[in-house]
1. Looking only at segment 90-99, how many residues end up being surrounded by 24 or more Cβ atoms within 10 Å (Cβ to Cβ) and closer than 19 Å to residue 306 by Cα?
2. Given the residues 72, 31, 49, which is the only one that is surrounded by 20 or more Cβ atoms within 10 Å (Cβ to Cβ) and without any contact (Cβ under 8 Å) to a residue 40 or more places away in the chain?
3. Looking only at segment 52-68, count how many residues are closer than 19 Å to residue 285 by Cβ, touching a residue at least 60 places away in the same chain (Cβ under 8 Å) and within 17 Å of the chain's Cα centre (by Cα).
4. In a helix (DSSP H, G or I) and in contact with a strand residue (DSSP E or B) (Cβ under 9 Å, 6 or more places away or on another chain) - does that describe any residue in segment 8-20?
5. So which residues in segment 34-46 are in a helix (DSSP H, G or I), buried (at least 16 other Cβ atoms within 10 Å of the Cβ) and away from ligand 2 (no atom under 16 Å from the Cβ), if there are any at all?
6. Can you tell me which of 230, 250 is within 16 Å of ligand 1 (Cβ to nearest atom), over 22 Å from residue 158 (Cβ atoms) and in contact (Cβ under 8 Å) with a residue 60 or more places away in the chain?
7. In segment 281-319, how many are within 16 Å of ligand 1 (Cβ to nearest atom) and assigned to a helix (DSSP H, G or I)?
8. Is it true that some residue in segment 181-197 is farther than 24 Å from residue 97 by Cβ and either within 16 Å of ligand 1 (Cβ to nearest atom) or in contact with a strand residue (DSSP E or B) (Cβ under 6 Å, 6 or more places away or on another chain) (or both)?
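The values are calculated or read from the model by the stated rules, or taken from the named source; none is laboratory data. Remember, predicted model here, so these are calculated numbers, not experimental data. Neighbour counts are summed over all protein chains in view; Cβ atoms, including those assigned to glycine, are modelled from backbone coordinates with ideal geometry.
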Ligand code: 13P
Ligand code: SF4
């Protein structure tokens, strides 16, 4: 049934898919958690939309029996780690993450073994195996707080995102050893093309996610996690913004600020939709429907691994 990583069945003809999904949620006591990078229709049907930190908190505290995660694999895995007694479903198992993939467990374990006097801070965009090798997790929302919770002279490994790691180094005055990983979406933004948009719209403020490369960070008026970017454009008196992060966030920005203008920052390759995360965008209403109906694909995890990976996530949530 899951040869393709999702249930490939047509939805019954003539049904109102939105109503049908909501009814399935009600009947099965299921909750849909969606990340800001999902397509607008998936965000709109969710019980809760948020950044990776909010979503992990929601997953930890929900009373639902089933969590449907409209996000990527490491996010659903985090939900399972925090709520092992719940059924955690991911509508399409192919929803991976290039950043998590840039930190293979064996290579990371060897790196850690060469630096045994270092504490490991890992961004949640990692596999459960890498979390199990970590001392504490962070997200882009709380990375500064997490790093600052450690003694000033503590040696730290930060993994896996080099751009976020270097940014946190600059904010906290630390010299963390940064793993050389990156996200395919945030590395693709072109400084030249962003500046062209700025030239045509000089009043527009440039805002970016800290996973973007340093030249993009330098020209930005504001740098922050997805929820921080959303808060910034909502509270800022400005009227237009060039947004250098995955395009899904524009949906919430436009909803909260219908009178403001948002330009997606252009990627280097003008022929691709590289500012769409190809993994996040795999989930569709049809896949959500089938996933709820058949309660598949389900995230399963070895209990020993889950217990090890839970420690750094709980330490993060306690901060
Ligand atoms: P947030 O932590 O800002 O939600 O970002 C997650 C992510 O995948 C960024 O690419
Ligand atoms: Fe991973 Fe990048 Fe997609 Fe975020 S945008 S989920 S870091 S691949």
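1. Number of matching residues: 1.
2. After applying the criteria, what remains is 31.
3. Here the count works out to 1.
4. Scanning segment 8-20 turns up no residue that is in a helix (DSSP H, G or I) and in contact with a strand residue (DSSP E or B) (Cβ under 9 Å, 6 or more places away or on another chain).
5. 45
6. 230
7. First, the residues of segment 281-319 that are within 16 Å of ligand 1 (Cβ to nearest atom): 281-283, 312-313, 316-317, 319.
With the extra rule that they be assigned to a helix (DSSP H, G or I), the set shrinks to 281-282, 312-313, 316-317.
Summing the residues that are within 16 Å of ligand 1 (Cβ to nearest atom) and assigned to a helix (DSSP H, G or I) in segment 281-319 gives 6.
8. yes
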